[in-house]
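The values are calculated or read from the model by the stated rules, or taken from the named source; none is laboratory data. Remember, it's a predicted structure, so these values are computed and weren't measured experimentally. Backbone-built Cβ (ideal geometry, glycine too); neighbour counts: all protein chains shown. For the accessible areas, the whole protein counts, side chains as well, though only heavy atoms, and no ligand, DNA or RNA atoms are used. Shrake-Rupley method; radii C 1.70, N 1.55, O 1.52, S 1.80 Å.
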Amino acid sequence: MKKYIAIALIAAGTAAFAHSGVKDPDVMNRMMGMSELAKQMKAIGSMAKGQTTFDPEALNAALGKISEEAGYIPSLFENKALDPKSEALPVIWDNFDTFTARATDLEEISGGLVGTIQTSTDLGPAMQQIGKACSACHADFRAK
Ligand code: HEC
């Protein structure tokens, strides 16, 4: 019995290990939010590459999650929380309106794609559109 509890704890902890050393809970939360975005993009990417079968339902769910998570970005970054492990640039809080607008762009682009993609060949252009919205924000607000 004890053994199973230990295994469950390890499984629950793996996501946090990727960000080990981050002490600030706000920083941790926004990193987890970003990781969630990356996870959904990966799922769409593997459909685009044919590594997983094209599944419109799973695709729309992934697009919807990206849009939903993008909607959380402004609140995840509301506190000017800094951490030595963070890649967030302080300029975020000098230009919070622009930062928020970039999050809204991602929210609208990914949300607008839900239900529009019928074949796997359309996945590439869709990913490019979304990827541009990610990098538009990273370019100005994330340290490289
Ligand atoms: C509105 C701005 C914004 C948008 C849009 C955005 N990001 Fe980010 N992203 C950031 C910032 C700022 C950081 C740095 C956070 C930190 O280290 O505290 C970051 C960090 C990340 C990280 C590293 C997280 C970690 O564990 O340290 C990943 C991965 C990431 N973003 C993926 C994405 C993907 C994929 C998209 C698009 C689907 C996206 N982001 C859209 C601002 C944004």
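General remarks:
Here's the yes/no breakdown for (1) outside any helix (DSSP H, G or I); (2) in contact with a helix residue (DSSP H, G or I) (Cβ under 7 Å, 6 or more places away or on another chain):
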position	(1), (2)
LYS23	yes, no
MET47	no, yes
ASN79	yes, yes
PRO84	yes, no
THR104	no, no
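- Subset of the stretch 84-122 [out of contact with any Lys or Arg (no Cβ under 9 Å at 6 or more places or on another chain) and aliphatic (A, V, I, L, M)]: VAL91, ALA101, ALA103, LEU106, LEU113, VAL114, ILE117
- Number of positions in the stretch 86-102 that are outside any helix (DSSP H, G or I) and closer than 17 Å to LYS144 by Cβ: 4
- Search result, residues across the stretch 84-107 that are within 19 Å of the chain's Cα centre (by Cα) and among the charged types (D, E, K, R): LYS85, GLU87, ARG102, ASP105, GLU107
- Within the stretch 55-78, residues that are in contact (Cβ under 8 Å) with a residue 40 or more places away in the chain have Cβ atoms under 6 Å from residues that are of a type in the set (Ser, Thr, Tyr) in these pairs: LEU63/SER110; ILE66/SER110; SER67/SER110, counting only partners at least 6 apart in sequence or on another chain.
- The set of residues in the stretch 79-91 being touching a residue at least 60 places away in the same chain (Cβ under 8 Å) and open to solvent by less than 70 Å² (accessible area, probe 1.4 Å) consists of ASP83, SER86, ALA88.
- Against the conditions (1) surrounded by 15 or more Cβ atoms within 10 Å (Cβ to Cβ); (2) part of a helix (DSSP H, G or I); (3) over 18 Å from the mean Cα position of the chain (by Cα), GLU57 satisfies every one except (1).
- Of everything listed in (1) near the ligand (Cβ under 10 Å from one of its atoms); (2) free of Cβ contacts under 8 Å to residues at least 12 places away in the same chain, the single unmet condition for ASP94 is (1).
- A residue that is in contact (Cβ under 8 Å) with a residue 12 or more places away in the chain, part of a loop (DSSP other than H, G, I, E, B), hydroxyl-bearing (Ser, Thr, Tyr) and away from the ligand (no atom under 13 Å from the Cβ) occurs somewhere in the stretch 106-126.
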